[in-house]
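Engineer: My questions all concern the structure below.
The values are calculated or read from the model by the stated rules, or taken from the named source; none is laboratory data. Being a predicted model, the structure only gives us computed values, none of them experimental. Here the Cβ is made from the backbone with ideal geometry for all residues, glycine too, and neighbour counts use every protein chain on show.
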């Protein structure tokens with residue numbers, strides 16, 4: 001048994017210098033799975049908890065463009081998948097803000113009512129984003145949602161790729177210090193799920209974050225983030 005974290009199992013077969021080179025060619029997530037036999041590194045999986053230290057703010061700046069994306073699930077109660085709605089914004093400087101998160105384990109009418117109520121609370125300036133399942137049933141579901149949310153900016157689009165692939169662009173912004181979190185009672189559960197992903201059982205909030213980020217990039221006027229903007233974004237946001 002290993003006596004210290006990271007101890008080499010067979011230093012003759014894989015000496016430290018060789019392992020160091022292998023580590024340099026991989027992410028910390030891959031190293032944890034392949035070399036430490038853990039599904040995620042101790043500091044976090046695809047998302048690192050340290051990335052968010054000092055990045056909890058009281059509010060996003062004026063001029064922030066907002067999207068709330070809903071990851072839909074059809075379960076009631078229990079410990080299974082939830083419906084999650086993540087509100088994500090981009091400020092004029094290209095910084096991103098997780099502004100609010102809603103989760104619930106309900107079905108049908110209860111989910112629709114929650115989405116409608118949250119839309120009213122968010123206001124009509126917030127874009128609403130929904131996933132569209134393939135097939136006629138998915139189209140019919142989206143048509144019902146759009147009709148129910150008349151007067152709001154609603155967009156529905158099919159999702160491609162697996163959950164990890166969809167999360168990578170958002171994770172990259174988090175890693176470079178370009179994502180802030182507006183303080184709220186939901187913060188702890190949100191960060192816990194992010195930092196366990198993709199080893200966690202629940203991935204709804206991560207999926208909703210990925211969807212919101214993708215939608216933000218496609219809204220008219222979306223910015224191309226330059227290195228200069230990233231350097232400025234790495235500085236602490238005003239509280």
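Engineer: With respect to the numbered conditions (1) touching a helix residue (DSSP H, G or I) at 6+ places or on another chain (Cβ under 8 Å); (2) in a loop (DSSP other than H, G, I, E, B); (3) modelled with pLDDT of 95 or more, which one is the sole condition not fulfilled by residue 209?
Structural biologist: Going through the list (1) touching a helix residue (DSSP H, G or I) at 6+ places or on another chain (Cβ under 8 Å); (2) in a loop (DSSP other than H, G, I, E, B); (3) modelled with pLDDT of 95 or more, residue 209 breaks only (2).
Engineer: Conditions: (1) in contact with a helix residue (DSSP H, G or I) (Cβ under 6 Å, 6 or more places away or on another chain); (2) without any contact (Cβ under 8 Å) to a residue 60 or more places away in the chain; (3) under 13 Å from residue 213 (Cα atoms). Residue 129 meets all but one. Number of the miss?
Structural biologist: (2)
Engineer: I'm checking my understanding of the structure. Among residues of the stretch 85-95 that are more than 11 Å from the chain's Cα centre (by Cα) and assigned to a strand (DSSP E or B), which one is surrounded by the fewest Cβ atoms within 10 Å (Cβ to Cβ)?
Structural biologist: That would be 89.
Engineer: Residues being crowded, with 17+ Cβ neighbours inside 10 Å and part of a loop (DSSP other than H, G, I, E, B): count how many of those fall in the stretch 65-84.
Structural biologist: Matching residues across the stretch 65-84 total 4.
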